[in-house]
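K.L.:
My structure is below; once you've seen it, I'll send some questions.
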DNA sequence: TCAATACATCGACCGTTGTCAATCTATTGG
DNA sequence: CCAATAGATTGACAACGGTCGATGTATTGA
């Protein structure tokens, strides 16, 4: 679970060819699969969605726990997965941790899927 | 694992709003997560890639087993997952089963991710 | 009718993952 | 310095998912 194990989505788009262009090699498939696994969870999709549509496009954990209906540790866990995968950025201000969308992260992975 | 449990990707794009538009409801997140889970596996990504770049944009199981380095039952399993999720179509001709990309399936899910 | 081939299904094994309660670590206010 | 609050981390548990060998089912060709 160390940071180096996961390659940020934005970096992947710089190293791999889209799905339909040519047969993907094993390494590229592994990387893209990891990025997609981070997305492929209902709680995490809703988290991204909540952050994106929140005021100032950022939100702290306390804003997210209640609408999701999950415990605080679980929400923190999902946020960590999204940060490690490069979809979210985390900024600590005082007691709070504010999360915001990494620019272009979603469009990057989207581009790899659609083939451009 | 019944067919009715899984909603085809193409249908999802007709029923759900993209991630960043507004907070996703639980049901929509569940559906999109299921579609993404079907994609989020290295073997399945390579299968889609192999089928797409194969001659006539279709391939039978025997074409796919060797380049993937997985057993025939495992390949069949992954292909079933992709068909159930709506990414692949299956046509049986004689002894062989030919798989081809469902038109617009990848672009549909890609659109839901990128926000348009 | 029989053997061979292509593919699907089943059952089992095992590593992965989502979840929570409990605990730990700041940081702020008094 | 102490209490309260926000959040991360840990440990445990159950559910899920990828894999394979063995077996089942069509279909073709002889």
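K.L.:
Being under 25 Å from residue B:8 (Cβ atoms) and either away from chain A (no Cβ under 14 Å) or near DNA strand C (Cβ under 7 Å from one of its atoms) (or both) is the filter here, so list the residues in the stretch B:87-96 that pass it. Can you show your working first?
P.N.:
The first filter runs over the stretch B:87-96 and keeps only residues under 25 Å from residue B:8 (Cβ atoms), leaving B:87-93, B:96.
Across the stretch B:87-96, the qualifying residues are B:89, B:90, B:91, B:92, B:93, B:96.
K.L.:
Can you give me the number of residues within the stretch B:38-94 that are at positive phi and under 12 Å from the mean Cα position of the chain (by Cα)?
P.N.:
Step one: filter the stretch B:38-94 for residues at positive phi, giving B:56-57, B:69, B:86, B:94.
Narrowing the set further to residues that are under 12 Å from the mean Cα position of the chain (by Cα) leaves B:86.
Of the residues in that region, 1 qualify.
K.L.:
While we're on this one: Is there any pair with a first residue in the stretch B:14-38 that is at the interface with chain A (Cβ under 8 Å from one of its Cβ atoms) and surrounded by 14 or more Cβ atoms within 10 Å (Cβ to Cβ) and a second that is modelled with pLDDT of 95 or more and in a loop (DSSP other than H, G, I, E, B) whose Cβ atoms are under 6 Å apart and which are 6 or more apart or on different chains, and what are they?
P.N.:
Between residues of the stretch B:14-38 that are at the interface with chain A (Cβ under 8 Å from one of its Cβ atoms) and surrounded by 14 or more Cβ atoms within 10 Å (Cβ to Cβ) and residues that are modelled with pLDDT of 95 or more and in a loop (DSSP other than H, G, I, E, B), the close pairs are B:33/A:40; B:33/A:41; B:36/A:40; B:37/A:40.
K.L.:
Also, quick follow-up: Conditions first: (1) away from chain B (no Cβ under 11 Å); (2) closer than 30 Å to residue B:64 by Cα. Residue A:111 passes all but one, so which condition is the exception?
P.N.:
Unmet for residue A:111, out of (1) away from chain B (no Cβ under 11 Å); (2) closer than 30 Å to residue B:64 by Cα: (1).
K.L.:
A further question follows. Could you tell me which of the residues B:68, B:47, B:101, B:79 is over 19 Å from residue A:41 (Cα atoms), touching a strand residue (DSSP E or B) at 6+ places or on another chain (Cβ under 7 Å), in contact (Cβ under 8 Å) with a residue 12 or more places away in the chain and within 12 Å of another protein chain (Cβ to nearest Cβ)?
P.N.:
Numbers: B:68 fails: touching a strand residue (DSSP E or B) at 6+ places or on another chain (Cβ under 7 Å); B:47 fails: touching a strand residue (DSSP E or B) at 6+ places or on another chain (Cβ under 7 Å); B:79 fails: within 12 Å of another protein chain (Cβ to nearest Cβ).
The unique qualifying residue is B:101.
K.L.:
While we're on this one: Only one of these conditions is not met by residue A:78: (1) in contact with a helix residue (DSSP H, G or I) (Cβ under 7 Å, 6 or more places away or on another chain); (2) over 21 Å from residue B:113 (Cα atoms); (3) near DNA strand D (Cβ under 10 Å from one of its atoms). Which number is it?
P.N.:
The number of the failed condition is (2).
K.L.:
Out of the stretch A:44-79, which residues are under 21 Å from residue A:104 (Cα atoms) and near DNA strand C (Cβ under 8 Å from one of its atoms)?
P.N.:
If the condition is that a residue be under 21 Å from residue A:104 (Cα atoms) and near DNA strand C (Cβ under 8 Å from one of its atoms), then A:44, A:78 are the ones that fit.
The values are calculated or read from the model by the stated rules, or taken from the named source; none is laboratory data. Small disclaimer: the values here were computed from a predicted structure and weren't measured. A quick note on method: Cβ atoms are made from the backbone with ideal geometry, for glycine too, and the neighbour counts reach across all protein chains shown.
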